[in-house]
């Protein structure tokens with residue numbers, strides 16, 4: 001395979017960003033979307049199912065972007081950072097609703 | 001029995017449709033009809049024919065089953081049809097000549113019939 | 001990491017496709033077989049070779065069976081770790097019991113979930129399972145394995161690796177990687193429309209393998225994408241248990257609200273009450289469906305808290321005529337038979353979700369669509385297998401020169417997961433016909449013996465694969481492929497012959513009677529054997545006269 005000019009460590013880090021960062025980001029999207037859709041009036045299980053459907057598409061895109069991104073640091077920041085922010089947002093929403 | 005015949009017709013329509021699409025591609029046209037390349041008008045016409053056949057197949061599927069099932073039958077039938085056409089082109093390409101029976105077959109020295 | 005986007009996607013496709021491809025072979029192959037899982041059950045358990053029946057009378061036939069059902073030793077053993085103290089001899093308090101039919105199953109699956117006293121976590125239940133003949137209620141012996149629905153199907157979605165749900169996670173990640181492989185494959189494929197119908201078996205192995213890989217991947221692309229995607233959606237609760245962890249408070253609040261809205265009690269009352277005539281409730285449910293223009297059979301019948309004042313009976317319509325699974329649930333008060341609730345029509349989101357899950361789980365009655373699904377699944381297998389073959393073919397000469405064993409390792413793994421897997425499946429069916437009807441005392445159950453045979457045959461195939469792929473390290477074709485194809489050809493004929501010898505149901509009889517579950521299984525195996533034999537002969541010709549390689553040209557054509 002041509003054009004691979006990176007160390008083993010870099011490959012491992014990209015893979016971790018895609019798998020773990022991607023998972024964290026997807027968790028955040030699912031949690032936030034479930035809470036937000038429910039808050040907006042959607043039935044709870046509908047909110048949950050729609051969030052799952054969107055979530056897996058998000059995970060797919062996040063995984064691809066982790067490898068396409070020119071900067072590995074940016075990939076980690078967006079995925080892990082974004083995931084954390086969305087997860088916190090979901091918990092905040094929950095405290096308003098319960 | 002009626003349903004089985006309609007589904008069979010749908011499969012046939014999908015196969016013909018995929019066949020016309022394949023023939024609209026240069027490489028396959030020359031496999032089936034000889035050296036001369038099809039005109040742009042013919043290429044467009046073949047694609048219209050292909051699309052129409054596939055649309056008719058969808059209509060037939062919808063007559064047999066509920067919408068949710070019919071759409072899936074149609075998509076899977078298209079996949080099966082594409083495979084059938086691909087294998088026909090590999091091993092018995094001339095058979096697809098029947099789909100364009102009106103077009104003259106070009107003999108190798110380039111002169112028309 | 002890469003010079004451009006396309007190269008990064010190509011790298012992803014190659015390496016993640018390779019590693020997860022081994023898992024995906026298993027998922028696609030056993031998924032394809034699972035389309036006809038219940039028919040395979042008929043083949044494996046000859047006592048069940050009779051016509052599918054409608055749901056029988058609850059009051060007269062099912063009730064005595066439910067009263068008699070107790071959890072078996074394996075369920076009890078699994079529960080020991082989850083209680084403080086001993087398990088009772090007999091479980092008494094039923095949380096939920098139910099029965100379900102399909103239009104393909106002659107036998108009925110029954111379950112009873114009992115409360116577990118002294119359980120560490122609240123709401124723990126232990127399950128008693130039984131399969132009965134709906135014509136008279138007699139039970140199937142417990143040691144029979146439903147090879148289709150009870151083994152091939154779970155193998156498909158969890159690799160039967162239940163410890164900490166690891167098997168589910170591996171399959172889930174593989175499914176996500178399937179989606180990645182499909183998208184990256186499209187990005188990499190420069191002439192996707194122009195080469196849509198292209199297959200050139202006469203060219204070099206690399207070219208013909210790549211052609212087949214592209215063909216099977218592209219023509220069934222919607223199928224491959226939707227199956228991987230909907231598989232993930234079906235088990236989403238395992239992969240992202242958000243509402244049982246982070247958002248549990250929101251979930252529990254909604255459950256209480258929902259219980260109030262629907263009138264279906266969430267907890268038992270603790271007051272004893274009789275169970276009214278369930279047959280009358282079933283008749284009423286069917287009357288109501290017919291009144292809505294949706295006459296149908298009962299797909300699922302469940303009783304929550306039987307014997308308690310809060311008990312209710314839920315009756316769902318079998319979804320044989322559309323994609324969505326069971327539906328139109330109608331709920332009755334268990335003690336009186338009064339109507340509690342008729343499930344309202346589903347919301348848009350619920351309909352979308354039901355369509356997605358129903359498309360994958362296939363409860364519909366449509367034989368053409370089922371066979372087209374098998375075609376799709378086998379195309380997926382062909383796509384993955386040709387991917388492996390292309391990978392090895394492209395690198396084996398280079399690796400031979402460098403003294404690397406990489407290509408050989410991949411080829412050995414490929415033989416194991418492609419032909420080896422088929423050999424194991426056929427071996428299991430042969431064992432099913434050869435094992436004695438009841439294992440002698442001290443031996444594992446007959447069903448467990450069949451599973452051991454499956455894994456043992458696969459392990460043997462793997463060992464053979466490692467041994468007989470040595471020539472790959474020198475850049476040549478491995479004899480393992482041809483040898484395992486021959487094994488498939490032999491076993492694929494042996495299994496139907498054994499079926500004839502041990503049950504008398506030979507093909508002439510099953511086809512003449514129109515008993516398609518068994519005829520279909522036999523014919524499928526014979527067709528597979530024929531294809532394997534043709535492949536073996538082709539491979540023999542190749543071994544003697546190898547196809548010329550235009551390596552430089554291949555490199556230029558493909559990233």
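Read-outs throughout are calculated quantities, based only on the coordinates presented, and are distinct from any laboratory measurement. Because the structure is a prediction, the values reported are computed rather than measured. Cβ atoms come from the backbone with ideal geometry, glycine included; neighbour counts cover every protein chain shown.
What is the average number of partner chain Cβ atoms found within 10 Å of a Cβ in B:4-15?
Neighbouring Cβ atoms belonging to other protein chains average 1 per residue here.
Taking the Cβ-Cβ separation of residue C:355 and residue C:474 as r and a Förster radius of 51 Å, what is the calculated FRET efficiency to the nearest 0.05?
0.45
What is the percent of Cα-Cα separations in the range B:2-100 that go past 18 Å?
In whole percent, the share of Cα-Cα pairs in the range B:2-100 beyond 18 Å is 46.
Once a ≥ b ≥ c are taken as the square roots of the eigenvalues of the Cα gyration tensor of the range A:25-97, is the result rounded (a/c under 1.5), prolate (a/b larger than b/c) or oblate (a/b not larger than b/c)?
oblate
Give me the compactness ratio for the range C:299-438, meaning the Cα radius of gyration over 2.2 N^0.38 Å.
Dividing the Cα radius of gyration by 2.2 N^0.38 Å gives 1.77.
Quick one: Cα convex hull volume of the protein assembly as shown, Å³ per residue?
201
Please compute the contact order of chain C in relative form: average sequence separation of alpha-carbon pairs under 8 Å and at least six residues apart, divided by the residue count, as a percent.
Over chain C, the number comes to 15 percent.
Is there a simple number for the mean count of other chain Cβ atoms within 10 Å of the Cβ of residues in C:196-207, and what is it?
4
Using a Förster distance of 30 Å, how high is the FRET efficiency between residue A:16 and residue C:186, based on the Cβ-Cβ distance and rounded to 0.05?
0.70
Any idea how far apart residue A:6 and residue C:530 come out in nm if each label point goes 7 Å out from Cα toward Cβ?
Taking the simple label geometry, residue A:6 and residue C:530 are separated by 5.0 nm.
Can you give the percent of C-alpha pairs in chain C whose distance is more than 32 Å?
Of the Cα pairs, 53 percent sit more than 32 Å apart.
Between the range C:116-133 and the range C:417-470, what is the C-alpha centre distance in whole Å?
Using only Cα atoms, the two centres lie 32 Å from each other.
Given contacts defined as C-alpha pairs under 8 Å and at least six residues apart, what's the relative contact order of the range A:25-97, whole-number percent?
The value is 53 percent.
Distance between the C-alpha centers of the range A:58-96 and the range C:28-101? Whole Å please.
Taking the Cα centre of each part, the range A:58-96 and the range C:28-101 sit 43 Å apart.
Cut-off is 10 Å between beta-carbons; in what order do C:320, B:88, C:336 appear when sorted fewest neighbours first?
Ascending number of Cβ neighbours within 10 Å: C:336, C:320, B:88.
Would you list C:30, C:161 from fewest to most Cβ contacts within 10 Å?
Going from sparsest to densest Cβ surroundings: C:161, C:30.
Over all residues in B:73-80, what is the mean tally of Cβ atoms on other chains that come within 10 Å of each residue's Cβ?
6
With the crude spin-label approximation of a point 7 Å out along Cα→Cβ, what separation in nm comes out for residue C:540 versus residue C:435?
3.5
For a test of the definition: using alpha carbon positions, the gyration tensor, and the 1.5 limit on a/c, classify the range C:70-116 as rounded, prolate or oblate.
Judged from the Cα gyration tensor, the range C:70-116 comes out prolate (a/c at least 1.5, a/b above b/c).
What's the exposure ranking of C:149, C:57, C:204, A:51, going from fewest to most Cβ atoms within 10 Å?
C:57, C:204, C:149, A:51
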